[in-house]
Each structure stands twice: as structure tokens, then as C-alpha cells.
Amino acid sequence: MAIIHQAELQPTKLELLAEWLPRQPWFTEPDTAALHKVGSYRFDDPAGEVGIETIIVSVGNSTFQVPLTYRAQPLAGAESWLVGTMQHSVLGPRWVYDACADPIYVAALAASIMLGRPQAEQYLQKGENLELLAQTVFVRSTGPKLDAVPDVSSAAPHATDAGTAIETADLHLLVIRRLGLDQQPVGPLALTGNWEGQNDNVKLAAISDA
């Protein structure tokens with residue numbers, strides 16, 4: 001369960017992304033002036049410490065997937081994967097990372113694909129009450145449900161012009177960045193998603209034995 005606070009963010013998530021995206025090898029648009037949020041989905045951190053959100057954005061004729069993690073403290077060794085910092089009016093300072101370098105996200109993504117663990121339900125905190133929010137992106141696994149996820153604490157991401165490959169001792173995982181909206185998912189172990197205006201399932205990530 002993800003708790004969303006009614007809060008002001010300085011800068012906003014889209015403002016952070018507008019600065020960060022043009023520096024990524026897989027971002028193909030000339031600028032981010034017309035950057036638009038299509039929707040997002042979240043995974044749960046079992047410890048409840050790290051926010052895990054994947055934002056789908058569009059600009060020009062392209063649609064991109066941007067997984068992010070939000071932390072109250074810097075993530076050691078992930079300086080080159082820092083998207084930026086922002087001030088959250090309820091939670092205070094937040095360090096925002098490209099989630100592919102965050103082992104909490106990698107474990108959650110692997111669990112979603114390999115175990116069929118569902119995306120997190122999102123609730124808006126209003127005073128002492130929680131209001132269930134409608135999902136804007138719906139994700140599901142295409143693969144067989146396995147018994148366990150291998151240790152991913154040693155995950156090493158590598159960005160390419162196609163996406164981000166994440167290598168661990170036992171798994172190879174690819175997070176697709178530029179989404180092919182007209183391509184059907186293939187392969188037995190994949191995460192797919194759809195959203196308003198995109199009724200066909202889109203391949204978001206894939207995993208296989210290394």
C-alpha cells in the first residue's frame with residue numbers, strides 16, 4: 001500500500017525530469033518543453049522506507065518509462081544515478097534516484113515479474129483518513145509464477161540507447177525506456193502495462209536467467 005500525501009513539491013517531479021531526461025542516452029526527443037505525464041504505478045517497499053514510483057511520460061511522438069525511488073537519505077554509491085533532490089512539504093527533503101540503481105526497486109520489479117506480486121494500491125492521506133486512488137497505469141506479469149526471487153543486492157545497471165540493463169549474479173533484467181506502443185509483448189517473463197488511451201498491453205520490462 002502506497003500512501004500519497006497532499007503536499008507541495010519543490011521542484012515538482014516533472015521539473016526534475018525535464019532537466020534530467022535530455023542527459024539520458026535513451027531519450028530521443030530534442031527537448032522537454034512539452035513533457036506530459038501519462039500516468040504512473042507503484043510498488044511496495046516491504047520496509048516502508050523507500051517510495052517506488054514509475055512514471056510514464058510523453059513528449060513529441062514518443063512515450064517513455066521512468067522508474068524513480070524517493071529516499072529520506074542519500075543512497076550510498078548511487079551518486080551518478082541521482083535525478084535530483086526536492087523538498088516535500090510533509091516529509092521534508094527527498095533524494096530522487098533513477099530506480100534502476102536502487103536495490104529496493106530491483107527486488108520489487110523482479111518480484112512483480114517472477115512471483116506475480118501486484119502493483120501497490122495508492123491511498124491519498126487526508127488528515128486522519130485514507131482515500132483510495134484510481135490507478136492510472138495497470139501492470140501485470142506475463143510469466144509463470146516462481147517460488148522466490150534471487151538476491152539482487154549486487155545489481156549493476158547499465159544505460160543504453162534501448163533501455164537500462166540490470167545485471168545481478170543470477171538475473172538479467174531489462175527496463176524498457178522508450179515504449180513501443182504498437183509492439184505486442186513476447187517472452188515468458190515480462191511486465192506489461194496499459195493505461196487510458198492505450199488499451200493494448202505494452203512491454204515494460206523483461207527478465208531471464210543470466
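Taking the listed residues Ala169, Ala205, the one that is touching a Ser or Thr at 6+ places or on another chain (Cβ under 9 Å), within 15 Å of Ala107 (Cα to Cα) and surrounded by 19 or more Cβ atoms within 10 Å (Cβ to Cβ) is Ala205, with no other qualifying. Scanning region 118-146 for residues that are modelled with pLDDT of 90 or more, in a loop (DSSP other than H, G, I, E, B) and open to solvent by 80 Å² or more (accessible area, probe 1.4 Å) turns up Pro118, Glu121, Ala134.
Residue pairs whose Cβ atoms lie under 8 Å apart, separated by 6 or more positions or on different chains, with the first residue in region 147-176 and under 20 Å from Leu115 (Cα atoms) and part of a strand (DSSP E or B) and the second open to solvent by 40 Å² or more (accessible area, probe 1.4 Å) and basic (Lys, Arg), are Ile176/Lys203. Scanning region 80-106 for residues that are among the hydrophobic types (A, V, I, L, M, F, W, C) and either touching a Ser or Thr at 6+ places or on another chain (Cβ under 8 Å) or under 13 Å from Val175 (Cβ atoms) (or both) gives Trp81, Met86, Trp95, Val96, Ala99, Cys100, Ala101, Ile104, Val106. Screening Ala72 on (1) farther than 30 Å from Thr28 by Cα; (2) of a type in the set (A, V, I, L, M); (3) buried (at least 17 other Cβ atoms within 10 Å of the Cβ) shows it passes everything except condition (3).
Among the conditions (1) at pLDDT 90 or above; (2) within 19 Å of the chain's Cα centre (by Cα), Pro93 misses just one, which is (2).
Here's the yes/no breakdown for (1) in contact (Cβ under 8 Å) with a residue 12 or more places away in the chain; (2) among the small types (Gly, Ala, Ser); (3) in a loop (DSSP other than H, G, I, E, B):
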residue	(1), (2), (3)
Pro74	yes, no, yes
Gly77	no, yes, yes
Thr85	no, no, no
Val90	yes, no, yes
Trp95	yes, no, no
Cys100	yes, no, no
Tyr105	yes, no, no
Ala110	yes, yes, no
Ile113	yes, no, no
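Restricting Val50, Val90, Val66 to residues that are more than 26 Å from Val202 (Cβ to Cβ) and aliphatic (A, V, I, L, M) narrows the list to Val90.
Restricting Val59, Val90, Val83 to residues that are open to solvent by less than 20 Å² (accessible area, probe 1.4 Å), of a type in the set (Val, Ile, Thr) and over 24 Å from Ile166 (Cβ atoms) narrows the list to Val59. Looking only at region 34-75, residues that are over 21 Å from Leu174 (Cα atoms), modelled with pLDDT of 90 or more and of a type in the set (A, V, I, L, M) come to 6 in all. The set of residues in region 25-39 that are surrounded by fewer than 17 Cβ atoms within 10 Å (Cβ to Cβ) and in a loop (DSSP other than H, G, I, E, B) comprises Pro25, Thr28, Pro30, Asp31, Ala33, Ala34.
The values are calculated or read from the model by the stated rules, or taken from the named source; none is laboratory data. Everything quoted here is computed from the prediction, not taken from an experiment. Quick reminder, even Gly has a Cβ in these numbers, built from the backbone with ideal geometry, and neighbours come from all protein chains shown. When the accessible area is computed, the model is the full protein with side chains, heavy atoms only, and any ligands, DNA or RNA have been set aside. Shrake-Rupley method; radii C 1.70, N 1.55, O 1.52, S 1.80 Å.
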